[in-house]
Amino acid sequence: MKCNVLVVDDSKLARMVVASAFTKIRPDWELTEATNAEQALDILGQGRVDIALVDFNMPGVDGLELLARIRERHPKMPIALISANLQHEIVARARELDAAFVAKPLTEDGLRGFLSGAALRLRKAAS
Amino acid sequence: MKSGVGELTGIEQDALAEIANIGVSRAATSLGQMVGEQVLLSVPAVRIVTRRAAARLVENNGPPKLIAVQQSFAGPFSGRALLIFPQTQSLELVRAIVGDQHTIEDVIDLEEEALAETGNVILNACLATIANLLRRTMQISLPSVIRGDGATLFEVDNAGQDGDRVLFLYIDVTVKARDVHGFIALLMDLPSITALKGIVHDFIDDVGR
């Protein structure tokens, strides 16, 4: 099963890190990048996204707000908040949205764990 | 032992150094992962000083032309956190982070943005660990990059009478294999110090229980 993954991060460096790990872990999947919430919602509106990874600390709409909006429209989509801000409250708010928390700096193991769980969820939902 | 506002008792100073040490160790692990090299830390120094004295402390340990990523934090106590490097070492640090396969032109293009994200990861790691340890929540701003001497970084000229003396907490950070040497600094103004003292006492009480 091939998936389309959306990564939303205002930082080019952070997107480079995600893209590099992603290509190693799932070379056959597709990765789309967005730099802010508005762009992300546009891409999501086109209906080709299976999984979303969203940075917390972004100008304008922050990652938790964006995830809440995604959750409203896509109640079953596997989503994750990605951040170095590992305060208990931030992690708890991500969990409330049924989103995973992936710590920055992003490691291959961290991303692999989330993507494997997400793929499993999507397979279960499809069966 | 009692102390007035702006003074720290021995145990308060000790507890703050320990809390900072735990936060910065987490930050150093993050930086180590980003550069793929070992990162060494000094013992944290905790002092109440004027902004000018803080600026001098940072400059005395290196060249005066500095580059810093700063983030403000607010909550039960507030202030600013800075990751500071000499400007001459900034490109080397960015190269270590983005990888040696990139050309110098790419590294120069990415410098400001890569530093902002690096600061974001490192300062968040430090501040979030401290917040969790103290069982409080902090709002942390977006990162911004500033260049200048210590006085510019610490806003010496903008400091009012009350804002002049700050709690200054700093740690040397060295990326050994790259010869990159910087600091993590936290600055808090006096009203924050009063709030922080109360929270630190709760922490000390918890540890002693």
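Coordinate-derived values only; no laboratory data. All of these numbers come straight from a predicted model, not from anything done at the bench. Reconstructed Cβ throughout: ideal geometry from the backbone, glycine too, with neighbour counts over all protein chains shown.
Tabulated results
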item: Cα coordinate range in region B:29-112, projected on the principal axes (Å, largest first); result: 44, 29, 24
item: Taking the C-alpha atoms of region A:4-126, convex hull volume expressed per residue in Å³; result: 95
item: Separation of alpha-carbon centers, region B:24-45 and region A:66-94, rounded to whole Å; result: 28
item: Rounded to the nearest 20 debye, dipole of region A:1-126 from Cβ charges on Lys, Arg, Asp, Glu; result: 520
item: Simple spin-label estimate for B:ALA195 and B:SER141 in nanometres, 7 Å along Cα-Cβ; result: 1.5
item: Label-to-label distance, nm, for residues given as A:GLU96 and B:LEU40 (7 Å Cα→Cβ offset); result: 4.5
item: For the protein assembly as shown, radius of gyration divided by Kirkwood radius, i.e. Rg to Rh on alpha-carbons; result: 1.00
item: 222 nm mean residue ellipticity, helices alone, for chain B (DSSP H n ≥ 4; -39,500 (n - 2.57); rounded to 500); result: -16000 deg cm²/dmol
item: Least to most buried among B:LEU41, B:LEU134, A:LEU67 (fewest other Cβ within 10 Å first); result: B:LEU41, B:LEU134, A:LEU67
item: Centroid-to-centroid separation of region B:131-209 and region B:62-130 [C-alpha atoms, Å]; result: 15
item: Cβ-placed point charges (K, R +1; D, E -1), dipole of region B:79-141 about Cα centre in debye, nearest 20; result: 740
item: Relative packing of peptides B:99-105, B:142-148 - highest average C-beta neighbours within 10 Å first; result: B:142-148, B:99-105
item: Full-extension gain in nm, B:LYS176 to B:THR9, via 0.36 nm per residue minus C-alpha separation; result: 56.7 nm
item: Shape parameters for chain B, alpha-carbon atoms, Rg then Dmax in Å; result: 16.9, 58
item: Interatomic Cα distance distribution for region A:1-67, bins of 5 angstrom, percent; result: 4, 18, 30, 24, 17, 6, 1
item: Within 10 Å of each Cβ in A:6-12, the average number of Cβ atoms from other chains; result: 3
item: With 5 Å bins from 0: P(r) over region B:110-209, alpha-carbon pairs, percent; result: 2, 9, 15, 22, 20, 16, 9, 5, 2, 0
